[in-house]
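Structure first, then comments.
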Amino acid sequence: QTCALPILAMPMPNHPETAAAMFGGADVAGLLLTGGNDLARYGGDAPERDETERGLLRLARERGLPVLGVCRGMQVIQDSFGVPLEKLSNHVAVRHRVAGDAFDAEVNSFHGFGARETAPDLEVLARAPDGIVEFLRHRREPILGQMWHPERESPYRDEDMARIRRHFA
């Protein structure tokens, strides 16, 4: 299945200085923080990735660029805003409903950590039935975070694709 988004990805190395130089030297239109391993402070094994992604998030914010954090990427956003994560059960390799005032959908779930609250600058858009924050946005900056993986849906969900298009437009 192909992705019909007009986006060209530029993979970044897990080396903070090199990634920052690449980011600064390119005509970057936004930042996608992807899923993957746990953050190092929660038992993950790639502190260099944590440092790289925090640095890229800071650079994107300085430039006012749109940011989308998916799963681990949303955890990076939460962590960068000082939100502590907690170990979860029943959020790995399952489907569940997430709901909020303007969003309600059944989504996939592949994360072992999450948060029940968020920072004052971030707004919760949807939660899982157990209260875990699954979807959020920054109140003033173009930052979105979602805990489900749109790339793991087959076919891709039209709602996910439309939201990503709007966010990076």
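The values are calculated or read from the model by the stated rules, or taken from the named source; none is laboratory data. All figures in this text were calculated on a predicted structure; none of them were measured in a lab. Cβ: placed from backbone, ideal geometry, glycine included. Neighbour counts: every protein chain shown. Side chains included, ligands, DNA and RNA excluded: accessible areas come from the protein's heavy atoms. Shrake-Rupley method; radii C 1.70, N 1.55, O 1.52, S 1.80 Å.
Mind listing whichever residues of region 97-131 are open to solvent by less than 20 Å² (accessible area, probe 1.4 Å), part of a loop (DSSP other than H, G, I, E, B), out of contact with any helix residue (DSSP H, G or I) (no Cβ under 7 Å at 6 or more places or on another chain) and closer than 11 Å to Gln78 by Cβ?
Ala119
When you go through Arg41, Arg58 one by one, which is the residue that is among the charged types (D, E, K, R), touching a Leu at 6+ places or on another chain (Cβ under 9 Å) and without any contact (Cβ under 8 Å) to a residue 60 or more places away in the chain?
The unique qualifying residue is Arg41.
With Arg63, Arg72 as the choices, which residue is on the phi < 0 side of the Ramachandran plot and open to solvent by 20 Å² or more (accessible area, probe 1.4 Å)?
On the way: Arg72 fails: open to solvent by 20 Å² or more (accessible area, probe 1.4 Å).
Being on the phi < 0 side of the Ramachandran plot and open to solvent by 20 Å² or more (accessible area, probe 1.4 Å) holds for just one of Arg63, Arg72, which is Arg63.
Kindly list, by first and then second residue, each pair from a residue in region 1-25 that is farther than 15 Å from Arg165 by Cβ to a residue that is among the aromatic types (Phe, Trp, Tyr) and modelled with pLDDT of 90 or more, limited to pairs with Cβ atoms under 8 Å and residues at least 6 apart or on different chains.
Gln1/Tyr156; Met12/Phe23
Within region 82-96, take every residue that is modelled with pLDDT under 95 and on the phi > 0 side of the Ramachandran plot and give me the one that is surrounded by the most Cβ atoms within 10 Å (Cβ to Cβ).
For region 82-96, the residue satisfying everything is Asn90.
Within the set of pairs 6+ apart or on separate chains, which have a first residue in region 153-169 that is farther than 17 Å from Ala29 by Cα, a second that is exposed (fewer than 11 other Cβ atoms within 10 Å of the Cβ) and polar (S, T, N, Q), and C-beta atoms under 8 Å apart?
So the pair list comes out as Ser154/Gln1; Pro155/Gln1; Tyr156/Gln1.
What are the residues in region 45-60 that are open to solvent by 50 Å² or more (accessible area, probe 1.4 Å), closer than 22 Å to Ala115 by Cα and in a helix (DSSP H, G or I), if any?
From region 45-60, those open to solvent by 50 Å² or more (accessible area, probe 1.4 Å) are 45, 47-48, 51, 54, 58; that's our starting set.
With closer than 22 Å to Ala115 by Cα added as a condition, the list becomes 45, 47, 51, 54, 58.
If the condition is that a residue be open to solvent by 50 Å² or more (accessible area, probe 1.4 Å), closer than 22 Å to Ala115 by Cα and in a helix (DSSP H, G or I), then Pro47, Glu51, Arg54, Arg58 are the ones that fit.
Mind counting the residues in region 86-96 that are assigned to a strand (DSSP E or B) and not charged (D, E, K, R)?
Within region 86-96, residues that are assigned to a strand (DSSP E or B) and not charged (D, E, K, R) number 4.
Of the residues that sit in region 25-44 and are at pLDDT below 95 and open to solvent by 60 Å² or more (accessible area, probe 1.4 Å), which one is farthest from the chain's Cα centre (by Cα)?
In this case the residue turns out to be Gly25.
Every residue in region 1-22 that is at pLDDT 95 or above and open to solvent by less than 50 Å² (accessible area, probe 1.4 Å), please.
Pro13, Pro16, Ala19, Ala20
Confirm whether Arg137 is open to solvent by 10 Å² or more (accessible area, probe 1.4 Å), more than 12 Å from the chain's Cα centre (by Cα) and basic (Lys, Arg).
So Arg137 fails the test.
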